Amino acid sequence: MSQNNNNLPSTEYKDRLAKLKGLQEAGIQTYRDKYERTHKTLEAKEFGEKKVRDTEEIMKKPTSDIKIAGRLVSFRSHGKISFAQLKDASGRIQICFMKDVLGDKKYKFLKKIDVADFIGAEGEMFKTKHGEITLLVTDYTLLSKALRPLPEKFHGLKDQESMYRKRYLDLVMNEETKKRFEFRSDFIKALREFYWNNGFREIETPILSSSASGALAKPFVTHHEALDHDFFLRIAAGETYQKEAIGGGFEKVFEIGRVFRNEGMDPSHLQEFTMTEFYAAYWNYENLMKFTEEMFEYLLNKTVGILEVEIADRDGNKQKVNFKTPWKKISMHDVIEENCGINIHDHGTARDLLKAIKSKKIEIEDAEKLGRGNLIDHLYKKVARPKIIQPTFLTKHPTDLSPLSRRNDENPNVVDRFQLVVNGWEIVNAYSELINPIQQAEAFNSQAQAQERGDEEAHGKDDEFVLAMEHGFPPMAGWGMGIDRIVALLTNQDNLKDVVLFPLMKPENS
């Protein structure tokens with residue numbers, strides 16, 4: 001297999017490898033199993049801010065009360081004194097090596113240490129002439145030898161593809177990247193807290209399933225050797241299974257997990273992404289709207305601290321988005337008519353609707369293959385969704401677009417469903433659930449016919465789910481949100497890969 005040029009051994013790699021072999025031949029441990037530290041770098045700096053001894057007094061007899069560990073990210077030598085920056089998860093700190101303190105042998109050993117190595121250092125905190133809190137090192141230990149250098153200090157890791165492929169370097173070199181993923185972790189923690197505070201239980205559902213249920217999307221297919229059967233990677237976070245759990249006696253359940261859709265990739269779509277879904281017995285979609293508003297107020301206050309955030313729209317312009325409730329509500333019919341003049345209620349078949357779309361010179365890829373529901377969805381995404389910036393509930397979706405949703409009692413052509421749209425992105429999809437097994441079977445059959453006509457995004461049949469429904473489900477409502485999208489929005493990123501720690505990439509050598 002050919003190697004990528006970036007991975008070919010460099011002169012520096014060979015020099016470091018020679019150092020490593022020399023150390024190992026001398027019997028020096030180069031990859032240790034642990035290091036007992038007393039402080040993280042941030043804690044050590046805070047300790048030094050409170051109280052340090054006079055520098056001259058420290059030089060006479062330094063203590064070794066502070067023990068820290070981390071990666072060496074810079075090093076500069078000035079004869080008998082050297083300064084370095086040590087970085088751990090909490091931050092970075094300056095450390096100082098003095099020949100008079102360490103002794104000739106230990107000071108000379110610094111030549112075996114390189115930037116990017118992990119070391120443990122112990123000593124006492126002091127303030128330099130410039131007032132910088134610094135650790136005066138009385139002893140240090142090589143913990144792990146790095147064979148490759150970090151990117152250049154002043155150029156850093158700027159190439160976007162390299163940031164995705166080598167996220168470990170992106171995290172080391174770009175503090176903003178690390179903070180973004182810390183935010184993501186805090187957001188998911190707060191989300192779980194909100195669910196638990198409101199009486200929900202977290203459950204786990206299968207990733208491999210015999211039917212692709214829960215959304216209108218093209219699934220990934222994989223073969224199970226032991227069962228000699230093809231299975232689908234789930235396209236939703238256990239929608240049908242969560243509803244079966246409700247049918248079995250749970251009343252509020254949620255899951256946070258990975259889902260997979262074998263569709264096009266763009267800045268707002270990934271084939272593998274993280275979703276959260278929840279279901280509540282005896283609720284309808286109006287309860288969900290209120291709950292969603294309460295959830296976002298909780299999450300933003302907990303993680304951002306304010307309800308108004310600044311984001312970049314699709315054209316890169318800064319926009320202020322205010323999550324203060326209540327949010328605007330608009331029907332799919334109204335938003336489409338408002339933006340292109342087509343009244344979808346006037347066109348009862350996909351053929352008639354397509355004719356109206358073409359008359360307006362609106363281009364939709366593979367439109368001839370789409371059923372009426374998906375055609376309406378693509379039309380909305382083309383003419384209306386990019387213009388929705390402020391938090392907006394999109395309501396009253398056509399029945400043939402929502403095979404798992406409950407039909408509206410007053411108008412059976414639409415369902416009791418909403419989507420939360422912010423900055424042209426669909427953040428939440430929710431609806432009152434269809435619990436009538438006869439209507440559900442009819443909806444699945446209709447979707448299966450659309451699949452046969454070539455609509456790859458049509459919902460597949462799920463006979464086992466219908467069977468479960470025939471045993472009786474209570475009234476319920478359900479809700480799903482893309483974690484990646486909301487985190488991207490709140491951290492002002494325009495590409496979902498920027499909020500996925502290790503995004504899926506095509507192999508460089510393929």
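The values are calculated or read from the model by the stated rules, or taken from the named source; none is laboratory data. Computed from a predicted structure; not experimentally measured. Cβ: placed from backbone, ideal geometry, glycine included. Neighbour counts: every protein chain shown.
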* Asked: Restricting the search to segment 386-416, which residues are within 27 Å of the chain's Cα centre (by Cα) and farther than 20 Å from Asn445 by Cβ?
  -> Pro386, Lys387, Ile388, Ile389, Gln390, Pro391, Thr392, Phe393, Leu394, Thr395
* Structure fact -> The condition from (1) over 18 Å from Ala468 (Cβ atoms); (2) assigned by TED's automatic domain parsing to the domain that holds Asn301 that Gln160 misses is numbered (2)
* From the list Phe232, Phe183, which one is in contact with a Leu (Cβ under 8 Å, 6 or more places away or on another chain), modelled with pLDDT of 95 or more and not acidic (Asp, Glu)? -> Phe183
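Determine whether Arg148 is surrounded by 17 or more Cβ atoms within 10 Å (Cβ to Cβ) and farther than 30 Å from Asp54 by Cβ.
For Arg148, the condition - surrounded by 17 or more Cβ atoms within 10 Å (Cβ to Cβ) and farther than 30 Å from Asp54 by Cβ - is not met.
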* Does segment 442-455 contain any residue that is modelled with pLDDT under 90, under 33 Å from the mean Cα position of the chain (by Cα) and not in a helix (DSSP H, G or I)? -> yes
* To do: Keeping to segment 85-109, report how many residues are under 40 Å from the mean Cα position of the chain (by Cα) and touching a residue at least 24 places away in the same chain (Cβ under 8 Å).
  => 11
* Asked: Of the residues Ala121, Ala146, which single one is touching a strand residue (DSSP E or B) at 6+ places or on another chain (Cβ under 8 Å), in the same structural domain as His39 (by TED's automatic domain parsing), in contact (Cβ under 8 Å) with a residue 60 or more places away in the chain and closer than 14 Å to Leu72 by Cα?
  -> Ala146
* **Unique residue being touching a Phe, Trp or Tyr at 6+ places or on another chain (Cβ under 6 Å) and of a type in the set (Val, Ile, Thr) when the list is Ile427, Ile483, Ile435** => Ile435
* Being basic (Lys, Arg), assigned by TED's automatic domain parsing to the domain that holds Asn284 and under 30 Å from Met163 (Cα atoms) narrows it down to one of Arg485, Arg406, Arg417, so name that one. => Arg485
* Asked: Would it be correct to say that Lys112 is out of contact with any strand residue (DSSP E or B) (no Cβ under 7 Å at 6 or more places or on another chain) and free of Cβ contacts under 8 Å to residues at least 60 places away in the same chain?
  -> no
* Asked: In the set Ile435, Ile427, Ile389, which member is assigned to a loop (DSSP other than H, G, I, E, B), hydrophobic (A, V, I, L, M, F, W, C) and in contact (Cβ under 8 Å) with a residue 60 or more places away in the chain?
  -> Ile389
* Asked: When segment 399-413 is examined, which residues are found to be crowded, with 22+ Cβ neighbours inside 10 Å and modelled with pLDDT of 90 or more?
  -> Arg406
* Can you tell me which residue among Lys329, Lys320 is closer than 17 Å to Val422 by Cβ, touching a strand residue (DSSP E or B) at 6+ places or on another chain (Cβ under 8 Å) and either at pLDDT below 95 or assigned to a helix (DSSP H, G or I) (or both)? => Lys320
* Please tell me if Asp377 is of a type in the set (Asp, Glu), out of contact with any strand residue (DSSP E or B) (no Cβ under 9 Å at 6 or more places or on another chain) and either modelled with pLDDT under 95 or not in a helix (DSSP H, G or I) (or both). => no
* Select, from Ser82, Ser64, Ser77, the only residue that is more than 28 Å from Glu182 (Cβ to Cβ) and touching a Phe, Trp or Tyr at 6+ places or on another chain (Cβ under 7 Å). => Ser82
* **Matching entry among Thr274, Thr240 (being closer than 18 Å to Leu496 by Cβ, touching a residue at least 60 places away in the same chain (Cβ under 8 Å), in contact with a Gly (Cβ under 8 Å, 6 or more places away or on another chain) and in the same structural domain as Asp463 (by TED's automatic domain parsing))** => Thr274
* Which condition does His378 not pass, out of (1) free of Cβ contacts under 8 Å to residues at least 24 places away in the same chain; (2) farther than 26 Å from Phe444 by Cα; (3) not assigned by TED's automatic domain parsing to the domain that holds Ala488, if it passes all the others? -> (2)
